[in-house]
1. What about B:Lys186, is it over 27 Å from B:Asp23 (Cα atoms) and among the charged types (D, E, K, R)?
2. For the condition farther than 19 Å from A:Ala204 by Cα, in the same structural domain as A:Pro142 (by TED's automatic domain parsing) and at pLDDT 90 or above, what is the one hit in A:Leu28, A:Leu14, A:Leu48, A:Leu10?
3. I'd like to check which helices (runs of 4 or more DSSP H) are fully inside the range B:136-215 and have at least 3 residues that are over 27 Å from A:Thr226 (Cα atoms) and free of Cβ contacts under 8 Å to residues at least 24 places away in the same chain.
4. Looking at this structure, is A:Ile249 touching a residue at least 24 places away in the same chain (Cβ under 8 Å), within 26 Å of the chain's Cα centre (by Cα) and under 27 Å from A:Ile208 (Cα atoms)?
5. Test of understanding: among B:Leu139, B:Leu181, B:Leu149, which residue is under 17 Å from B:Leu123 (Cα atoms) and surrounded by 22 or more Cβ atoms within 10 Å (Cβ to Cβ)?
6. Give me the residue from the range A:55-85 that is modelled with pLDDT under 90 and among the charged types (D, E, K, R) and, out of that set, nearest to the chain's Cα centre (by Cα).
7. Please find, among A:Leu265, A:Leu224, A:Leu175, A:Leu228, the residue that is crowded, with 24+ Cβ neighbours inside 10 Å and within 10 Å of chain B (Cβ to nearest Cβ).
Amino acid sequence: MTSAQFEIQLIASLVAIACAIPGTFLVLRKMAMISDAISHSILPGIVLGFFLTQDLNSPWLILLAAATGVLTVVLVEKIQQTKLVKEDTAIGLVFPALFSIGVILIAKFANDVHLDIDAVLLGELAFTPFDRIYYDGMDLGPKALLVIGVILFVTILLLLAFFKELKLSTFDAGLATSLGFSPIILHYGLMSVASVTTVGAFDAVGAILVVALMIAPAASAYLLTTDLKKMIALAATFGVFSAISGYWIAHFLDASIAGSMTTMLGIVFLAVYLFAPSKGLIAVLYREKQQRIEVYLITFLLHLKNHSEENERHVNHLNEHINWQKVRSKTVLNLALKNNMIRIDNNIVSLTKKGETFTSKAIDYIVTYEDGLIEDMKDDFFLFRG
Amino acid sequence: MEKIAVKVDDLTVAYNYKPVLWDIDLQIPEGVLMAIVGPNGAGKSTLIKSILGILKPIAGSVTIFGKPYDSQRKKVAYVPQKGSVDWDFPTTALDVVMMGTYGSLGWIKRPGANEKKRALEALEKVGMLSFKSRQISQLSGGQQQRIFLARALVQDASIYFMDEPFQGVDATTEVAIINILKELRKAGKTVVVVHHDLQTVPEYFDWVTFLNVKKIATGPVKDIFNDENLTKTYGINYKVSIQK
């Protein structure tokens, strides 16, 4: 691995972490689409910043561009507050307008500088190691690395300082207000971080793919954990994994690095979406199937409990009595037998002691919904889990 | 004779120019357990949110023990409506209760062992200690309401505002909650509850405010909880058969 390759992966990884942190909060605040809006509307900010500073490396350019991102959020909220259009419509109105202004500005006035639309949209990671910063003749490393390094450092400091406030205002803005933690300040703080990160990442992955880095890792992490700290850590891990594996895929396929990284993000999300232990699609379907079977089982046991007369409990007539198909009656009967809940004497089914206790307990729970009654059964039965 | 815990003067709140609360004057004496009743859209939640500074009124003022709310935050605890938060948020019951301690910590400072101890005590008080590590979406509606109550208890305030704490909870939880509210009153705290079930007002509360955009009446339940005020508030000829 050459040092350029190492630097590219390092930049991509730092971008991924810097995106995962604000991304987690955006996902939890149901504001994922705002990152899309920000990523587009920073374009006029970058162009204006370039006109003012005449220097693509100026930190003022980053701040100005980030300010356009925050302006987007303000505009979306103002339009939405009129109640004449909904939030998603407001987003769809604001960012194309700002973005198109940026496109016109570039085409009209910036044709001769390194500010072409392709680079803005897709970024070019492969070139980042060549754009280096020198101080007194000493090589300080690639510009993109320094930029994203500083942004990530500040983001982490802010996260450590205001984690509790961000968590509270994301979960319960009303309580945050009444306790004196202004949700508005936190909201715009978060939007500023998201905007600065987007601008900082744009050199590396472009304005569009940064959305994937903000949303996909956080969305994947959300399906895997019930702890906010772990969610942030997991999102960062997924981001870094996709960045590095995406780089090598691009290397072997000779394809776009940013494109491969984003594809990896999609694959990671798909895998988590399918296989996450409790919230994944397969787990959910499995649980639903189990719950259905358990409902049948309880229905069956309840029938036995309610009927003492033998003709209601004959093995061959069960399906007629509860109006089930033969296959289902057979499955349920076998399940009950296997769990020692019933016994069969002369083709007459009756509850065992275990079956009796189980049925009464389940009924008590279903009637009262008192969790205490069923705590010990939750380990064995999907039906009684939330 | 008694101290005034909350004083509301000429409070008017409007959404898009439509007044939701109109010129409310209200004094809540210290140590009462008060219900705010009124029909849907009467401005009950709005009144609480305005007192707590969550909504900005277009006119009027609010004082808590004679001072503006901003300087009295630590004396006030708030239980919002259960539906106002996302229960799928990745956090545990204990963590939600810990949020009640954030006010006394202020900005940046993180909760430590002392805050955790207080949160655990509050969880025990509402009978939810064994659920402390449970993810909040895995709790029943009544349990979620108890978590909210524990979060308010942990604030160790002098005044508690609760927005429909009995909504969607089972009978056991309702009894558990009202017992805790009565304990709070016994300890000299002031408790203000937005309440829907008129039948239980005389049994649960000792003070009541009738509200329907304007204040209709406020005072001790035994003096003013009658058909006349109910009719004035709900607009129809109201006859409740209340077992006193």
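The values are calculated or read from the model by the stated rules, or taken from the named source; none is laboratory data. No experiment lies behind these values; they were computed from the predicted model shown. Every residue, glycine among them, receives a Cβ derived from its backbone with ideal geometry; neighbour counts consider all protein chains shown.
1. Details: over 27 Å from B:Asp23 (Cα atoms): yes; among the charged types (D, E, K, R): yes.
So B:Lys186 fits the description; yes.
2. Working: A:Leu14 fails: farther than 19 Å from A:Ala204 by Cα; A:Leu48 fails: at pLDDT 90 or above; A:Leu10 fails: farther than 19 Å from A:Ala204 by Cα.
That would be A:Leu28, the only listed residue that is farther than 19 Å from A:Ala204 by Cα, in the same structural domain as A:Pro142 (by TED's automatic domain parsing) and at pLDDT 90 or above.
3. Result: B:171-186.
4. Working: touching a residue at least 24 places away in the same chain (Cβ under 8 Å): no; within 26 Å of the chain's Cα centre (by Cα): yes; under 27 Å from A:Ile208 (Cα atoms): yes.
Taking the combined requirement at face value, the residue does not satisfy it.
5. Unique residue meeting the criteria: B:Leu149.
6. Among them, the one singled out is A:Lys83.
7. Numbers: A:Leu265 fails: within 10 Å of chain B (Cβ to nearest Cβ); A:Leu224 fails: crowded, with 24+ Cβ neighbours inside 10 Å; A:Leu228 fails: crowded, with 24+ Cβ neighbours inside 10 Å.
The match here is A:Leu175.
Okay, residues lined up against (1) crowded, with 22+ Cβ neighbours inside 10 Å; (2) within 11 Å of chain A (Cβ to nearest Cβ):
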site: B:Tyr17; (1), (2): no, no
site: B:Gly60; (1), (2): no, no
site: B:Lys74; (1), (2): no, yes
site: B:Pro80; (1), (2): yes, yes
